[in-house]
Every structure is written in structure tokens, then in C-alpha cells.
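Colleague: Can you read through this structure? Questions will come right after.
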């Protein structure tokens with residue numbers, strides 16, 4: 001067994017449910033880190049595959065790994081937050097069971113946070129990989145680099161307006177800053193509001209030589225188009241239709257603005273939030289979600305129509321500017337959702 005005597009500066013939480021296909025690779029990428037002073041907390045949402053056996057085997061060989069298993073599946077939101085509640089380190093990072101990080105990731109991000117007391121989060125660049133770990137030609141999530149921006153209001157607006165910050169939510173975060181947020185709430189996409197709240201609290205540092213490998217495969221939650229299924233993935237206690245992702249995000253962002261009003265007054269945070277909420281795309285999303293309560297089938301038909309119009313508009317722009325450029329294989333979360 002590998003043992004370390006010093007208390008860890010870095011805590012990593014790895015929430016998982018039925019992740020046997022990839023979790024070994026995720027754990028190996030953590031154990032391969034050049035930075036050694038960490039703890040890895042695995043919180044298992046009652047997996048029914050071999051996830052538990054794999055994790056227990058790793059924990060038996062390295063005492064930096066702690067494995068916890070829930071008696072039943074509590075949903076992703078609770079499981080993500082559970083890992084944070086068990087963390088002891090000065091710095092904290094969530095890990096996804098199907099993703100990996102470069103061997104220098106923790107060392108580089110620790111250096112970035114140590115060097116900048118005003119930074120609350122350090123993240124690497126994002127690189128897509130396929131089911132077999134091969135790099136693929138997309139790097140979504142880097143659609144708006146907010147590193148180096150000193151204005152909290154500007155950072156706040158960029159996060160919720162552009163979204164797609166997968167690399168940032170899986171970055172290294174100051175634990176005391178994260179404790180001042182509302183963490184993950186029980187709706188799909190709550191990480192956007194969480195990042196927006198962190199952006200009000202401090203700067204983000206992008207570390208170019210650290211790499212977050214985001215695995216694309218058919219079982220990813222982002223690839224599920226059934227909002228009810230996504231809601232149940234995030235909150236297994238949802239007993240009625242609650243797939244109001246965009247409306248819940250708006251409510252959460254409003255709560256964030258109120259919660260952090262002592263740092264950034266409401267008269268400054270609410271105008272950009274309202275301008276974004278009243279854009280045609282956002283209004284269409286809110287309308288579709290409300291329609292979906294009464295008729296999910298009609299919502300699907302209208303969403304497809306809206307996505308068709310968006311694609312037609314994109315092709316028109318490409319033709320007009322003569323670029324001929326095609327979109328990346330997989331766009332940002334915001335692109336993939338369309339009017340979803």
C-alpha cells in the first residue's frame with residue numbers, strides 16, 4: 001500500500017454511478033500526478049456494475065483513496081456535493097469518472113493558485129477524447145476565456161451568457177471560496193450558476209500546459225435529449241416533471257446575485273442578467289419548457305424546428321462571410337442544447 005504521512009493540500013472528489021467502463025482510467029490519471037499531496041474521495045451512488053470492486057481495489061493499494069458507497073442512488077447533485085463535504089484540503093477538485101487529466105495538472109494548477117491570491121479557480125485547457133482515449137478534433141468549453149479579467153461583473157456575465165465551461169468546473173478551486181457558494185442544486189446545468197458565483201468571488205486562472213481530457217461517448221448525460229431522464233439522473237427524488245433546466249438556471253442565478261449582493265450590488269448584477277434572460281433564444285427556451293409540461297411531444301417538435309432554423313442561420317452566415325468553416329465535431333454545451 002502507498003501511504004503518505006502529511007495532510008493533503010488538495011482534495012479530489014470523484015462521484016460515480018455505474019462507471020466501471022472508464023473509472024479505472026480516471027483513477028489512474030489521478031495516481032499518475034506529479035503532485036503527490038492529495039486525497040481522492042470516491043462517492044459511489046449505489047452502482048450495480050463492477051464500479052465498487054474497482055474502487056475498493058485501488059483504495060486497498062493506496063491510502064490516499066477513500067471509497068464511500070451510498071445505499072441507494074441519490075442523484076448526481078447530492079453525490080457531487082457529498083464529495084465536497086468530505087474534503088479536507090485547502091484546494092478542491094471534482095473529477096468525472098469518464099474523464100482524465102494530464103500528469104502535471106495538479107502541480108500546475110496548485111502553482112497558479114499559490115501565485116495569485118485573488119484567483120479562486122485554476123483550470124487547464126480542454127481536449128476531447130473518444131471511448132478509447134484517442135484525441136478527437138474538438139475542444140469545447142474554451143469559448144470564452146475569462147482568465148485575467150479583474151471585473152467580477154464581467155466575469156459573472158460571461159459565464160452565464162456563453163456557458164460551456166466544462167474545463168472550469170473540473171478545475172482546481174479554493175475550498176474556502178467554494179464553501180461560500182450554493183454548490184450544485186438539484187437541476188441539470190446548475191454548475192453554470194455555481195461557476196458564475198465563483199466568478200463573482202474571484203478570478204479564474206487558465207493554465208495552458210495542464211490538460212483536461214473530456215471523454216465523448218454515448219452514455220454522457222449531455223447526450224440525453226429526454227429532459228425527464230436528465231432530471232432523474234441529477235435528482236432521483238424528482239417525482240414529477242421538473243425538467244425546467246433554463247428556468248431553474250435563471251432562478252439560481254438570481255439567487256446567486258442576491259446571495260453575493262454585499263460583494264457586487266444587485267443594481268449591477270441584475271441588469272446584465274435580465275438582458276440575457278430576455279434574449280430571443282432564452283425566451284424560446286423558457287417557452288418550450290413550459291409547453292413541455294403540458295405536451296412533451298409538442299416541445300420536441302418545436303425544439304427540432306428551432307434547431308433547424310439555427311443551423312440554417314449558421315450556414316447563411318458562413319456563406320455570407322465566405323469562410324466556409326464548419327463547426328467542430330461537438331460544440332459547447334450551449335450549442336448542443338440549441339433551443340432544448
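The values are calculated or read from the model by the stated rules, or taken from the named source; none is laboratory data. Everything numeric here is computed off the predicted structure, so don't read it as measured data. All Cβ positions, even for glycine, are placed from backbone atoms using ideal geometry, and neighbour counts span all protein chains on display.
Colleague: Just for segment 114-138: of the residues that are part of a loop (DSSP other than H, G, I, E, B) and touching a strand residue (DSSP E or B) at 6+ places or on another chain (Cβ under 8 Å), which one is farthest from residue 150 (Cα to Cα)?
Modeller: Restricting attention to segment 114-138, the residues satisfying the condition of being part of a loop (DSSP other than H, G, I, E, B) are 116-118, 130-134, 136-138.
Remaining after also requiring touching a strand residue (DSSP E or B) at 6+ places or on another chain (Cβ under 8 Å): 116, 118, 130-131, 133, 136-138.
Details: 116: 12, 118: 9, 130: 36, 131: 38, 133: 36, 136: 33, 137: 32, 138: 29 Å.
It comes out as 131.
Colleague: Sort through 111, 125, 134 and tell me the only one that's at pLDDT 95 or above and either surrounded by fewer than 20 Cβ atoms within 10 Å (Cβ to Cβ) or over 20 Å from the mean Cα position of the chain (by Cα) (or both).
Modeller: 111
Colleague: If I ask for residues that are outside any helix (DSSP H, G or I) and either surrounded by 16 or more Cβ atoms within 10 Å (Cβ to Cβ) or at pLDDT below 95 (or both), which ones from segment 263-287 would you list?
Modeller: If the condition is that a residue be outside any helix (DSSP H, G or I) and either surrounded by 16 or more Cβ atoms within 10 Å (Cβ to Cβ) or at pLDDT below 95 (or both), then 263, 264 are the ones that fit.
Colleague: Please tell me if residue 168 is part of a helix (DSSP H, G or I), closer than 24 Å to residue 98 by Cβ and under 15 Å from the mean Cα position of the chain (by Cα).
Modeller: Yes; evaluated as a whole, the condition is true for this residue.
Colleague: Go through (1) surrounded by fewer than 20 Cβ atoms within 10 Å (Cβ to Cβ); (2) under 14 Å from the mean Cα position of the chain (by Cα) for residue 208 and report which single condition fails.
Modeller: The single condition residue 208 does not satisfy is (2).
Colleague: Output yes when any residue across segment 73-87 is free of Cβ contacts under 8 Å to residues at least 60 places away in the same chain and in contact with a helix residue (DSSP H, G or I) (Cβ under 7 Å, 6 or more places away or on another chain), and no when none is.
Modeller: No, segment 73-87 has no match at all.
Colleague: Something else: Can you pull out the residues in segment 17-53 that are touching a strand residue (DSSP E or B) at 6+ places or on another chain (Cβ under 8 Å) and part of a loop (DSSP other than H, G, I, E, B)?
Modeller: Passing the criteria: 17, 22, 33, 35, 37, 45, 46, 47.
Colleague: Same structure, new question: Run residue 55 past the list (1) surrounded by fewer than 22 Cβ atoms within 10 Å (Cβ to Cβ); (2) over 14 Å from residue 100 (Cα atoms) and report the number of the one that doesn't hold.
Modeller: For residue 55, the exception is condition (1).
Colleague: Here is a further query. Is it the case that segment 251-267 has a residue that's under 14 Å from the mean Cα position of the chain (by Cα) and farther than 20 Å from residue 44 by Cα?
Modeller: Initial filter on segment 251-267 (under 14 Å from the mean Cα position of the chain (by Cα)): none.
No, segment 251-267 contains no residue that is under 14 Å from the mean Cα position of the chain (by Cα) and farther than 20 Å from residue 44 by Cα.
Colleague: Also, quick follow-up: Could you identify the single residue in 258, 233 that is in contact with a helix residue (DSSP H, G or I) (Cβ under 8 Å, 6 or more places away or on another chain), assigned to a helix (DSSP H, G or I), modelled with pLDDT of 75 or more and loosely packed, with under 12 Cβ neighbours inside 10 Å?
Modeller: Going through 258, 233 in turn, the sole match is 258.
Colleague: Okay, moving on. Residue under question is residue 78, and the condition is that it be farther than 26 Å from residue 203 by Cβ, at pLDDT 95 or above and not in a strand (DSSP E or B); does it hold?
Modeller: Spelling it out, residue 78 is indeed farther than 26 Å from residue 203 by Cβ, at pLDDT 95 or above and not in a strand (DSSP E or B).
Colleague: If we keep just the residues of segment 54-72 that are in contact (Cβ under 8 Å) with a residue 24 or more places away in the chain and part of a helix (DSSP H, G or I), which is nearest to residue 185 (Cα to Cα)?
Modeller: My answer is 55.
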